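Colleague: I'd like to ask some things about the structure below.
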Amino acid sequence: MPDNLTREVRLMAENGSPVPRTEPAPPGVPQQAVFDVSGVAVYYGDFRAVRDVSLDVRQHEITAFIGPSGCGKSTMLRCFNRMNDLIDTARVEGDISYHGVDLYDPAVNPVEVRRRIGMVFQKPNPFPKSIYDNVAYGPKVAGAKGNLDDVVEEALQGAALWDEVKDRLKESGMSLSGGQQQRLCIARAIATDPEVLLMDEPCSALDPIATGRIEDLMVEIKERYTIIIVTHNMQQAARVSDRTAFFTTEVNEESDRRTGLLVEYADTDKIFTTPDDERTENYVTGRFG
Amino acid sequence: MTSLASNPTSYSLEDFHGSRSRMRKERIVRAVLFTAASTSIVISVAIVASLIGEAWTFVSQVELAALWTDGWFPRRGMYDVKTLVSGSLIVTVIAMAVAGPLGLGAAVYLSEYAPATVRKVVKPALEILAGIPSVVLGFFALTFLSPVIVQRLNDEATQFNIAAAGIGVGILTIPLVASISEDAMRSVPMALREASYGLGARKITTTIRVVIPAAVSGLVAAFIVAVSRAIGETMVVFIAAGATGGSLFSTDIFRPGQTMTAAMASQAAGTDQVRGAGLTFQSLFFVGMLLFLVTLVLNVLASRFVRRVRQAY
Ligand SMILES: Nc1ncnc2c1ncn2[C@@H]1O[C@H](COP(=O)(O)OP(=O)(O)OP(=O)(O)O)[C@@H](O)[C@H]1O
Ligand SMILES: [Mg+2]
């Protein structure tokens, strides 16, 4: 990693200067690691929800997290933008670095982290504000002044929602259908122009057409962003992602609740065709109990 | 084979009648509940009717000029309405100027900022404040707020003054504002806060732009309840604002004043003298009627407002 980039990121806690965007590496050259995760475990109180996660997320790639319900995919995803800070009982062990900066260093301000690392949540959560104000919220919070019409339109186009709402931007975001709400949340996240987009099952409430458009969007914007997506949809992971992490749950030694763990992390092709681990193979071929 | 498993081939209407005793029981339950609900309505109607009756006697016999004079001196036949209404409104405005910011601030702190451990201590403390009898607060207003705060702000202020009474009423309503507002803010779904934080908003931004707007109908409700409480509060004003016998019309908050409630209390306290004194007794009901109308208007306005704000979101 170039030294100056690391330094720039290190500064972000202090003065909020953005990390310069880099172009995708030419074919054949491995992409830079955006996140470096090693030996991470997350606890909720005494309960260890997920353990032994080590992986690197590369720039301009789509990384998919798959695995059975409760294996800690959402928990893990929320570590990348310090969202777990909001849960009193949650505690993160191990190292997560972003462009070489320890995300959990006491000097790091989570607000600055979240301005660079956007998130779409598992359940749609639009604000009880107008559609327009929902999308404009992020830019406004980041200090954008003046007319945001173009930003709003572009974000809604990007989330494949523009045509459905362009005549009702003043209506409440809550008045949309579940699937439309989720696309509104996607638009809201991309309106802030983040460097990384964390997406927690963004398509679980969408019909196949809208899903297809969101997938197209992801592939399109990975030129500029880095995306981590949690999905229960194997085809989706296979279609859009470059690398896939498979998590599963195992019975705990210390309690009867099941702890999640990372089983295998590799190129998506490999995970879906010739995985190393038997558990991965069983899961992706649908033989998981 | 049991009879449960066999499917009847035809039904008659009687099969759907159900058990008779069961139906009778249900009818009785309904009647009891109906009585409970209607009793409270009947009582309210009776109160309003007696208010209207006596107030009407007063209005129809009093000289109208006596309703707009220099002050409220019922025993001298001076029933200046504006003295009492403005007194009540001034006390309420001062009270809300105290309780609004402090109550809302406490609510924001408790709901958004305080760690669970702090909340566990502060919330019961607030509830203790709510349990202080208003008589005690009245003396506190007279013996502490008046000399230590009000008279220091303005050395012309008399010992009995409207300002001290208003601040006292404000302190009395802080817990009310704080606890209703805090409930309203805590019932805002965590998912909305997460959405805001996830977009890089700070805590203060999230509170002001997301939590407070989403809780606004509850916050307005808190404000209304507090205003009603402040207008209806009697004891603090009775003790701290002075003017027990009567009051000249005055809008000076550093001088004694009279509110609707305190005027009623001071007359009711001297019932036997009042009885003989012509219309003074009825004037009490007249003031009660005024109080009722003011509160009613406030509530109607407020519920309109709440509805409008709700529609906006
Ligand atoms: N706020 C919380 N407090 C306590 N435990 C939690 C909390 N959130 C999640 N957990 C627990 O952590 C474990 C992992 O949850 P998580 O939501 O990360 O799973 P997931 O893989 O995203 O599942 P799904 O596919 O159903 O969304 C579960 O056992 C869950 O009960
Ligand atoms: Mg999840």
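The values are calculated or read from the model by the stated rules, or taken from the named source; none is laboratory data. From a predicted model like this one, the values you see are computed outputs, not experimental measurements. So basically every Cβ, Gly included, is an ideal-geometry build from the backbone, and we count neighbours across all protein chains shown. Ligands, DNA and RNA are excluded from the accessible area calculation, which covers all protein heavy atoms including side chains. Shrake-Rupley method; radii C 1.70, N 1.55, O 1.52, S 1.80 Å.
Colleague: Can you tell me which residue in the stretch A:74-92 is nearest to the other protein chains (Cβ to nearest Cβ), limited to those that are closer than 20 Å to A:Arg243 by Cα and open to solvent by 10 Å² or more (accessible area, probe 1.4 Å)?
Modeller: Within the stretch A:74-92, the match that is nearest to the other protein chains (Cβ to nearest Cβ) is A:Arg78.
Colleague: In the stretch B:178-200, what residues are facing another protein chain (nearest Cβ under 9 Å), part of a helix (DSSP H, G or I) and small (Gly, Ala, Ser)?
Modeller: If the condition is that a residue be facing another protein chain (nearest Cβ under 9 Å), part of a helix (DSSP H, G or I) and small (Gly, Ala, Ser), then B:Ala191, B:Ala195, B:Ser196, B:Gly198 are the ones that fit.
Yes/no matrix, rows are residues, columns are (1) at pLDDT below 95; (2) surrounded by fewer than 22 Cβ atoms within 10 Å (Cβ to Cβ); (3) over 20 Å from the mean Cα position of the chain (by Cα); (4) among the hydrophobic types (A, V, I, L, M, F, W, C):
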site	(1), (2), (3), (4)
A:Arg116	yes, yes, no, no
A:Pro124	yes, no, no, no
A:Pro128	yes, yes, yes, no
A:Ile131	no, no, yes, yes
A:Val135	no, no, no, yes
A:Ser175	yes, yes, yes, no
A:Gln182	yes, no, no, no
A:Arg188	no, no, no, no
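Colleague: Shifting gears a bit: Being within 16 Å of ligand 1 (Cβ to nearest atom) and either closer than 18 Å to A:Glu61 by Cβ or of a type in the set (S, T, N, Q) (or both) is the filter here, so list the residues in the stretch A:201-223 that pass it.
Modeller: Matches in the stretch A:201-223: A:Pro202, A:Ser204.
Colleague: What are the residues in the stretch A:93-128 that are closer than 22 Å to A:Leu184 by Cβ and either away from ligand 1 (no atom under 16 Å from the Cβ) or more than 7 Å from chain B (Cβ to nearest Cβ) (or both), if any?
Modeller: First, the residues of the stretch A:93-128 that are closer than 22 Å to A:Leu184 by Cβ: A:114-128.
Selection gives A:Arg114, A:Arg115, A:Arg116, A:Ile117, A:Gly118, A:Val120, A:Gln122, A:Pro124, A:Pro126, A:Phe127, A:Pro128.
Colleague: Residue by residue through the stretch A:56-71, note down the ones that are within 14 Å of ligand 1 (Cβ to nearest atom) and open to solvent by 10 Å² or more (accessible area, probe 1.4 Å).
Modeller: A:Pro68, A:Ser69, A:Gly70
Colleague: Confirm whether A:Ala237 is crowded, with 20+ Cβ neighbours inside 10 Å, within 16 Å of ligand 2 (Cβ to nearest atom) and not in a strand (DSSP E or B).
Modeller: Here the answer is yes, as A:Ala237 does meet what is asked.
Colleague: Return yes or no: is B:Ile239 open to solvent by 40 Å² or more (accessible area, probe 1.4 Å) and assigned to a helix (DSSP H, G or I)?
Modeller: Taking the combined requirement at face value, the residue does not satisfy it.
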